[in-house]
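Before any comments, here is the structure.
Every number in this text was worked out from the coordinates using simple rules, so none of it is lab data. Since the structure is predicted, the reported quantities are computational estimates derived from the model, not experimental observations. Here the Cβ positions follow ideal geometry from the backbone for every residue, glycine too, while neighbour counts run over all protein chains shown.
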Amino acid sequence: MGKASKKKRDRKITSANGKSAGLFPPSPKTGLLYKPAIHFLIIIAVGTLAYSNTFHVPFLFDDIANIVENPAIKDLRYLTNPVNPADIPLYAAFKSRFIGYLTFALNYRFNGQNVTGYHVLNLFIHIANALLVYVLIVLSFRTPSLRQRSLQHCSNLIALFSALFFVAHPVQTQAVTYIIQRLASLATMFYLLCLVSYVESRLSMSPVRSYLFYAISIISAVLAMKTKEISFTLPITVTLYEFLFFTGGKIKRIIYLVPILLTLLIIPLTLLGTTKSTGDVIANVSEVTRVMTPMSRLDYLFTQCRVIVTYIRLLCLPLNQNLDYDYHLYHSFFEPEVLLSLLFLLSIFPIGLYLLYRSKNNDRKGNYPLELVSFGVMWFFLTLTVESSIIPIVDVIFEHRLYLPSVGVFVAITTGLFVSRDRLAEKKLHFDKAIIPACILIVIFLAGSAYARNKIWQNKTRLWEDVVKKAPSNARAHNNLGFAYSSEGLIDKATEQYQVAIKLKPDYAEARNNLGNSYKSKGLIDKAIEQYQIALTLNPDYSDAHFNLANLYLNKGLFDKAIEHYQIALQLNPDDSEALKKLEHAIYRKKQIETGRAQERSDHTGGLNQHLPQQ
């Protein structure tokens, strides 16, 4: 009886000839709305509509340094043979995120600085991720742990709404609309593809198909590791999934996982490969995270307790989103905000463990797929560890860091909603019929909010005005708003914003340089020179300030000073062709003046000689 029952159960996931039924076996529900093809079209449509107003969003913020002004993006030769690592800005980041930068280089090859191509690819990746979320959940219901659980009849709907919440949620806009954050979405795509391929490999009854998907899984893991460091947790996630959803001998399963686990070495070895000694690895980690920061590891950890609570709030209630938060830094575990946040977080993680225990020891009627809820909770915390633990990053919070972790939240919430729906139906409370309409309304709200958020991204002035409004003490936001005003010719407004930035942060070299540019535009040359000099006092290696100061010295006829600063600018930035031209012009002008003066002296001497008495 037991063996017969097992064979009968297995036929639910295999075809008549015993081979795998593929990624999408026939749905228990036969209605049109339960078909995966229709679900795919719905996901694609919602994602496209939510981001239909992003195709002309300009390069912003870190896009400038990483794409527009990055020589490695403009010349594909850098990708295969960088002659001099010093020629590549943020070389360690480039090396460890090679695949991501390769996509930017290909975009530049075909699109130049036309942003439309970049945004089309970003949206394609985002929609692909939503489809992978769908496939992952469908496959999960075919695993040994879930195939006999309740909710099989609506597994496709759980997959659909999880994917729709993911694709429509406005918190994803920063990872999709902000071009450089393709690094986060692309790493997530390979992350999900690795896990989906691994699961399909384990489920397949065809050896050829199984090996093929296993190979895809390994390749995807390598690509993820070479796209962004958030992928470091991928082998751990795959291992967690294996032991939650599959059965079998532990030794055999561990051996099967070894190739995946070996990919854990890729990121550390990449960082080691860009250093002269192992002691430089920490410096490379700092470079990869963009800016060195004096923040201690404990301060960062305490602050992340608050940040993670903010992330959860954004996922549940996406209000007051901000590109550049002015987040308070915490220094003690005993600060009330930190303590309460930690207690809140510590109450969530045990819930995931409890649900896992319930799922493995559930003899009650219902037998719900609580492993999926538990896995979603653990996914969220695990995937946050790279950027929200003890590795200090100068920007303690960014919304794009939620992109990968949000997958777990949406899977857990959606599964929980459908478990509640089933329980309500059992108790005949009739509220169960409200769950699906409520989910539809939530998707509409989220997609509308994403569309509205993307409107703010369409104009850099509007975007930075939004940041300043929400974070008035953010010096960087005021500086960037000033730059946006300056690009529109609003010099007085720009000057005001630079002054506010300097008031908030007196040692802000970039704001000093920009204020100097504003003074120069207004004809206040001496004030401009003063600001450039202060900027260089704060940061002697600031090539733009050297160049700007040299220009003013050149205009004032101070050729020696101009030449000196042009030369320093070129030493700091050898690819600056404009500085080279200006240097040559300054040298030429200096020689002209010296030649003219020599001629004047010669003429003057000749004139005196004519008046001397002849002997």
**Message:** If I model a spin label as a point 7 Å beyond the Cα along the Cα-Cβ vector, how far apart are those points for Asp75 and Phe55 in nm?
**Reply:** 3.3
**Request:** Would you order Lys590, Lys520 from fewest to most other beta-carbon atoms within 10 Å of each residue's own beta-carbon?
**Result:** Lys590, Lys520
**Message:** Using a 7 Å offset from the Cα along the Cα-to-Cβ direction at both Arg462 and Leu346, what is the distance between the two label points in nm, to one decimal?
**Reply:** 4.6
**Request:** First check a/c for region 129-268, with a ≥ b ≥ c the square roots of the eigenvalues of its C-alpha gyration tensor; if it is under 1.5, answer rounded, and if not, answer prolate when a/b is larger than b/c or oblate otherwise.
**Result:** oblate
**Message:** Just want the ordering: Leu404, Leu102, from fewest to most Cβ atoms lying within 10 Å of their own Cβ.
**Reply:** Leu102, Leu404
**Complete:** Relative contact order as a percentage, region 543-604, C-alpha pairs under 8 Å and 6+ apart, gives 30
**Message:** Need the full-extension length gain, Phe124 to Ile219, defined as separation in residues times 0.36 nm minus the C-alpha distance. One decimal, nm.
**Reply:** 32.2 nm
**Request:** Taking the Cβ of each residue in Arg182, Arg209 as the centre, tally the other Cβ atoms inside 10 Å and list the residues starting with the fewest.
**Result:** Arg209, Arg182
**Item:** Fully extended contour minus Cα-Cα distance, from Asp492 to Gln533, at 0.36 nm per residue
**Value:** 12.6 nm
**Residues Ser420 and Leu261, FRET efficiency given R0 of 41 Å [Cβ-Cβ distance, rounded to 0.05]** = 0.65
**Förster radius 56 Å - calculated FRET efficiency between Ser389 and Lys433 (Cβ-Cβ, nearest 0.05)** = 0.85
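Using the per-residue mean of other Cβ atoms lying within 10 Å as a proxy for protection, in what order, highest first, do the peptides 390-401, 132-143, 108-119 fall?
132-143, 390-401, 108-119
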**Asked** What Kirkwood radius, in Å to one decimal, follows from the Cα pairs of region 543-604?
**Response** 11.9
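Once the Cβ-Cβ distance between Leu319 and Glu594 is put in as r, and R0 is 60 Å, what FRET efficiency do you end up with, to the nearest 0.05? All intermediate terms of the calculation are to be shown ahead of the outcome.
Numbers: r = 66 Å, r/R0 = 1.10.
So, using R0 = 60 Å, E works out to roughly 0.35.
Quick one: grab the alpha carbon gyration tensor of region 459-540, order the square roots of its eigenvalues as a ≥ b ≥ c, and give me rounded if a/c is under 1.5, else prolate or oblate depending on whether a/b is larger than b/c. Numbers along the way, then the final one.
On the way: a/c = 2.48, a/b = 1.36, b/c = 1.82.
It is oblate, given that a/c is not under 1.5 and a/b is not larger than b/c.
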**Request:** Using only the Cα atoms of region 403-541, build the gyration tensor, take square roots of its eigenvalues as a ≥ b ≥ c, and label the shape rounded, prolate or oblate: rounded if a/c is under 1.5, else prolate if a/b is larger than b/c, else oblate.
**Result:** prolate
